[in-house]
Amino acid sequence: MSPRPRKVSDEDVFVAALRAMGRLGPHELTLAAIAEEAGVTAGALVQRFGSRRALLLALAARAAEGGDEMFTAIRARHASPLTALAAYVDGMSGLAATPEALARNLAYLQTDLTDPDLRACQVRQGRAVRRQLEAWLDEAVAAGEVVAGTNTRRLARLVEAMISGSMMTWACYQEGTARGWMRRHLVDLLAPYRPRRRS
């Protein structure tokens, strides 16, 4: 007799977990809250993942391995590699949609950094992001959007650092939206690498 198919996929559970994390801080997030968001019982999640930590670890591993799909989707929507890069920065600004949202995300980051297994996922994800940023910058050089001879590996590291740093400074000053604040920093960072327009 074949087993009954699962009505809710792991991917559905991960999406539900992200929705719950958007509303609840780490100390408020429970398997019951995720289960309610996913439309299943907490017991079903225990059977499938074992514990809240195991579920979050599976979610982190999925994020670390699924970056290519996200970047491919972003690139497909934009003709220019630098426009795709700006769209990625805009997406990251969603982590700071409000100061409260950013505070919650930073609380989860603190957990990620103090748990060796979660941190390993963060490192894998970060390296994948940096490689993709470098690939887009290489494309931008080839397209004439960035000057030839630019060290795109170094510039990708700067963009990566700018994203986190800009988000944190916005949290301090809270002038306008995080999206606008981070976009201005991206423009300023890239300005010395852009070809000069002839008058």
Query raised in the report: residue 13: in contact (Cβ under 8 Å) with a residue 12 or more places away in the chain, part of a helix (DSSP H, G or I) and not charged (D, E, K, R), yes or no?
Result: yes
Report summary line: Matching residues in segment 40-73 (out of contact with any helix residue (DSSP H, G or I) (no Cβ under 7 Å at 6 or more places or on another chain) and not aliphatic (A, V, I, L, M)) number 11
Report task. Considering every residue within segment 41-57, establish whether at least one is assigned to a helix (DSSP H, G or I), among the charged types (D, E, K, R) and under 18 Å from residue 110 (Cβ atoms). Result -> yes
Requested in this report: Would you tally the residues in segment 14-45 being acidic (Asp, Glu) and crowded, with 17+ Cβ neighbours inside 10 Å?
Outcome: 1
**Report entry** Boolean, residue 140 is closer than 18 Å to residue 84 by Cβ and modelled with pLDDT under 95
**Finding:** no
Report task. All but one of (1) hydrophobic (A, V, I, L, M, F, W, C); (2) at pLDDT 95 or above; (3) farther than 28 Å from residue 164 by Cβ hold for residue 82, so report the exception by its number. Result -> (3)
**Report entry** Filtered residues of segment 23-56 (kept if β-branched (Val, Ile, Thr) and under 26 Å from residue 98 (Cα atoms))
**Finding:** 30, 34
Report task. Scan 104, 52, 48, 77 and give me the residue that is surrounded by 13 or more Cβ atoms within 10 Å (Cβ to Cβ) and assigned by TED's automatic domain parsing to the domain that holds residue 165. Result -> 104
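The values are calculated or read from the model by the stated rules, or taken from the named source; none is laboratory data. A quick note: this is a predicted structure, and the numbers were derived from the prediction, not measured. For neighbour counting, all protein chains shown are included, and Cβ atoms are generated from backbone atoms with ideal geometry for every residue, glycine included.
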